[in-house]
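Undergrad: Take a look at the following structure, please.
The values are calculated or read from the model by the stated rules, or taken from the named source; none is laboratory data. Given the structure is predicted, the values throughout are model-derived calculations rather than measurements. Cβ atoms come from the backbone with ideal geometry, glycine included; neighbour counts cover every protein chain shown.
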Amino acid sequence: MQLIDKTSGFLGKPAKRLMANAGNTIFRQLKKDFALKGKRIVVVCGSGNNGGDGLEAVRLLLEKGNSAKAVLVNGKPKTKAADEVYRKLVKKFPGSVGGKFSDIDEADLIIDAVFGTGFSGSVKGKYKETITKMNKAKGKKVSIDIPSGFDCSRKDNKFFVKADVVYYLHAIKKGSERFSKKKILGIGIPKEAENIVLPSQIKFGKRKPTSHKRDNGVITIVAGSSTYPGAAMLTANAARAAFRTGTDLVIAACPKKVAWLLNLKQPEIISRKLKGNYLSKEHEKEILELMNKSDCAVIGPGITRNKRTTETVRELVKKSKGKIVLDADAIRAVKGMKFNDKVLLTPHATEFENCFGRKLPNNYSKKLKLVKETARKHNCVILLKGALDIISDGKKAVFNATGNSGMTSGGTGDVLAGLCGAFAAENTLYDAACYAAFVNGYAGDNLFKEKAYGLIASDLIDELPVVIRKLTKGIK
């Protein structure tokens, strides 16, 4: 639901509008289910968007002449959308916010808007005290979206609000079988917002106890130029991402000077040291041999736009028999080409427009359609990187909503390319693109809580095993 909410924002339904819709639909449902006139209503609000939904309901209850108060468990709202609702409510009804915990005991109707579906773990401190008080109160209890304290990712929930009815927003949530009385309330989320990569879709190949080197992925990375020493670092980012995803072997074909630097940076990489300063025609046979013996090849980190390199990349793509991931300058090199459904491109908006000669619209629905049309026309898979990623193989198209604006530092695109290569070793290119985009973005979202805009590519790489462990057990 967090991912769906985020996607809705890009599709023209931001949190502010959804919150207004939620408050309105909650109010209307309360009118249907309860005789509100003369009732003492207390809405218990947390500091997130679930609390904002509750505050919006308070405003509407008061506007319609009902007796309603909001009790804030942890002070003022912490999210932008909820804070805006709070300010409007306080301005119009100054005495409506800041009720005492004792008001819960005296209420005829208690609305639980403390935690939403984002809650996980155990309830502590003031929150535990509040939920205990709600459960002991005699008034009827309605939980918004999920009973507060209920962790949707667990089966052993014991401490949560014992609601008489649960109002699920947009869709029923995992664990709903525990509650006999429940209703689903629409809040205006576009149907298209559900067209996203979900953690439950991501599959990791199970290793046999007898597996050995080469059984779990071999990737060739074609990269670098001697005039760009940083290429060694970019190649290492891609390689390390592949290793951290479980790939057995990474072979890097690079100009000699870059290859030596790469070995110092990442000794686990097997480097093929090519003569000269750039990738060129003389290396074609050697590189093709490596590519055809690998499960997937990644071409692009630091190769530059040298004319001989561009020509070589086009030939490698034409002649290779296996899967290929193209990133950075490799995308520019294949401008206008059509492929054999064995190629995945990972462009950002400018690279997409340069490669395919199509201007991307601002509207995300139209953008999804264009990416799908382009993938079909060029017979490839496209992972269009952006605030909301778009992935298509020409038949299917999906959004990826993980990731954040802290992931703009140099090298993060190479991490994504390495992830694509690693996942492509055991999956279709379309699935590999979906998995890589989700995992990369989810790692970034985890790190942003601590690193904010100081997040760098190497942080992402070290976070990958943590994310993969969470995914294999179910994200909590």
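Undergrad: Go through (1) in contact with a Gly (Cβ under 7 Å, 6 or more places away or on another chain); (2) closer than 24 Å to GLY230 by Cα for ALA425 and report which single condition fails.
TA: (2) is the only condition that ALA425 fails.
Undergrad: Any residue in the stretch 424-433 that is surrounded by 22 or more Cβ atoms within 10 Å (Cβ to Cβ), assigned to a helix (DSSP H, G or I), of a type outside the set (Gly, Ala, Ser) and in the same structural domain as LYS203 (by TED's automatic domain parsing)?
TA: Within the stretch 424-433, one or more residues are surrounded by 22 or more Cβ atoms within 10 Å (Cβ to Cβ), assigned to a helix (DSSP H, G or I), of a type outside the set (Gly, Ala, Ser) and in the same structural domain as LYS203 (by TED's automatic domain parsing).
Undergrad: Report, ordered by the first and then the second residue, all pairs with beta carbons closer than 6 Å, sequence separation of six or more or different chains, a first member in the stretch 17-40 that is free of Cβ contacts under 8 Å to residues at least 60 places away in the same chain, and a second member that is among the small types (Gly, Ala, Ser).
TA: If the second residue must be among the small types (Gly, Ala, Ser), the pairs left are PHE27/ALA57.
Undergrad: Which count do you get for residues in the stretch 127-159 that are modelled with pLDDT of 90 or more, charged (D, E, K, R) and at negative phi?
TA: Of the residues in that region, 7 qualify.
Undergrad: What tally of residues in the stretch 146-163 results from selecting those that are of a type in the set (Asp, Glu) and crowded, with 17+ Cβ neighbours inside 10 Å? Before you say what the answer is, go through the steps one by one.
TA: Narrowing the stretch 146-163 to residues of a type in the set (Asp, Glu): 151, 156.
Still in the list and also crowded, with 17+ Cβ neighbours inside 10 Å: 151.
Total meeting the criteria: 1.
Undergrad: Another question, then. Test VAL166 against the stated conditions and say whether it is outside any loop (DSSP other than H, G, I, E, B), without any contact (Cβ under 8 Å) to a residue 40 or more places away in the chain and buried (at least 22 other Cβ atoms within 10 Å of the Cβ).
TA: yes
Undergrad: Which condition number does PHE179 fail, the rest of (1) at pLDDT 80 or above; (2) outside the structural domain of ALA422 (by TED's automatic domain parsing); (3) not aliphatic (A, V, I, L, M) being met?
TA: (1)
Undergrad: Within the bounds of the stretch 190-197, is there any residue that is under 30 Å from ALA330 (Cβ atoms) and among the small types (Gly, Ala, Ser)?
TA: Of all residues in the stretch 190-197, those under 30 Å from ALA330 (Cβ atoms) come to 195-197.
Still in the running and among the small types (Gly, Ala, Ser): none.
Among the residues of the stretch 190-197, not one is under 30 Å from ALA330 (Cβ atoms) and among the small types (Gly, Ala, Ser), which makes the answer no.
Undergrad: Something else about it: Which of (1) more than 27 Å from THR428 (Cβ to Cβ); (2) of a type outside the set (Phe, Trp, Tyr); (3) more than 28 Å from the chain's Cα centre (by Cα) does VAL313 not meet, given it meets every other one?
TA: That leaves (1) as the condition not met.
Undergrad: Could you please let me know if THR227 is out of contact with any Ser or Thr (no Cβ under 6 Å at 6 or more places or on another chain), hydroxyl-bearing (Ser, Thr, Tyr) and crowded, with 24+ Cβ neighbours inside 10 Å?
TA: no
Undergrad: Might you check whether a residue that is among the hydroxyl-bearing types (Ser, Thr, Tyr) and buried (at least 22 other Cβ atoms within 10 Å of the Cβ) occurs anywhere in the stretch 81-103? Even if it seems obvious, please write down each step before you answer.
TA: Filtering the stretch 81-103 for residues among the hydroxyl-bearing types (Ser, Thr, Tyr) gives 86, 96, 102.
Remaining after also requiring buried (at least 22 other Cβ atoms within 10 Å of the Cβ): 86.
Yes, some residue in the stretch 81-103 is among the hydroxyl-bearing types (Ser, Thr, Tyr) and buried (at least 22 other Cβ atoms within 10 Å of the Cβ).
Undergrad: Continuing with this model, one more query. Going by what's in this entry, would ILE391 be described as out of contact with any Lys or Arg (no Cβ under 9 Å at 6 or more places or on another chain), crowded, with 24+ Cβ neighbours inside 10 Å and closer than 21 Å to ALA330 by Cβ?
TA: yes
Undergrad: Only one of (1) under 30 Å from GLU315 (Cβ atoms); (2) part of a loop (DSSP other than H, G, I, E, B) fails for VAL161. Which number is that?
TA: All conditions pass for VAL161, except number (1).
Undergrad: For residues that are part of a helix (DSSP H, G or I) and of a type in the set (Lys, Arg), tally how many sit in the stretch 59-107.
TA: 6
Undergrad: In the list GLY51, GLY125, GLY65, GLY121, which residue meets the criterion of being out of contact with any Asp or Glu (no Cβ under 9 Å at 6 or more places or on another chain) and over 20 Å from ARG28 (Cα atoms)? Don't jump to the end; show me each part of the working.
TA: Numbers: GLY51 fails: over 20 Å from ARG28 (Cα atoms); GLY65 fails: over 20 Å from ARG28 (Cα atoms); GLY121 fails: out of contact with any Asp or Glu (no Cβ under 9 Å at 6 or more places or on another chain).
After applying the criteria, what remains is GLY125.
Undergrad: I would also like to ask the following. If we only count strands (runs of 3 or more DSSP E) wholly inside the stretch 300-413, which ones have 2 or more residues that are modelled with pLDDT of 95 or more and of a type in the set (Asp, Glu)? Explain how you work it out, then say what you get.
TA: Numbers: elements: 323-326, 343-345, 381-384, 389-392, 397-400.
Ranges flagged: none.
Undergrad: Here's something else I'd like to know. State which residue pairs qualify: first residue assigned by TED's automatic domain parsing to the domain that holds THR25 and closer than 17 Å to VAL73 by Cβ and inside the stretch 90-112, second residue assigned to a loop (DSSP other than H, G, I, E, B) and among the small types (Gly, Ala, Ser) in any location, beta carbons under 7 Å apart, and separation of 6 or more residues or different chains.
TA: ILE104/ALA137; ASP105/ALA137; ALA107/ALA137; ALA107/GLY139; ILE110/ALA137; ILE110/GLY139; ASP112/SER148; ASP112/ALA163
Undergrad: Further question: Give the stretch 12-58 a look and list any residue that's of a type outside the set (Gly, Ala, Ser), crowded, with 24+ Cβ neighbours inside 10 Å and either part of a loop (DSSP other than H, G, I, E, B) or in contact with a Phe, Trp or Tyr (Cβ under 7 Å, 6 or more places away or on another chain) (or both), or say none.
TA: Of everything in the stretch 12-58, those that are of a type outside the set (Gly, Ala, Ser), crowded, with 24+ Cβ neighbours inside 10 Å and either part of a loop (DSSP other than H, G, I, E, B) or in contact with a Phe, Trp or Tyr (Cβ under 7 Å, 6 or more places away or on another chain) (or both) turn out to be ILE26, ASN50, LEU55.
Undergrad: Of everything in the stretch 402-457, what is farther than 16 Å from ASP327 by Cβ and of a type in the set (D, E, K, R)? Give them in sequence order.
TA: Matches in the stretch 402-457: GLU426, ASP431, ASP445, LYS449, GLU450, LYS451.
Undergrad: Taking into account only those residues within the stretch 283-303 that are touching a residue at least 24 places away in the same chain (Cβ under 8 Å) and acidic (Asp, Glu), which is farthest from THR227 (Cα to Cα)? Step through it out loud before you land on a result.
TA: Step one: of the stretch 283-303, the residues touching a residue at least 24 places away in the same chain (Cβ under 8 Å) are 283-284, 286-288, 290-303.
Of the ones still in play, those that are also acidic (Asp, Glu) are 284, 286, 295.
Values: GLU284: 20, GLU286: 22, ASP295: 29 Å.
Step by step, filter the stretch 283-303, then rank; the result is ASP295.
Undergrad: Related question: State whether one or more residues within the stretch 361-382 are within 26 Å of LEU464 (Cβ to Cβ), more than 18 Å from the chain's Cα centre (by Cα) and surrounded by fewer than 20 Cβ atoms within 10 Å (Cβ to Cβ).
TA: No, the conditions are met nowhere in the stretch 361-382.
Undergrad: I've got another one for you. From the set of residues in the stretch 59-71 that are of a type in the set (Gly, Ala, Ser) and buried (at least 24 other Cβ atoms within 10 Å of the Cβ), which is nearest to ARG87 (Cα to Cα)?
TA: Filtering the stretch 59-71 for residues that are of a type in the set (Gly, Ala, Ser) and buried (at least 24 other Cβ atoms within 10 Å of the Cβ), the one nearest to ARG87 (Cα to Cα) comes out as ALA70.
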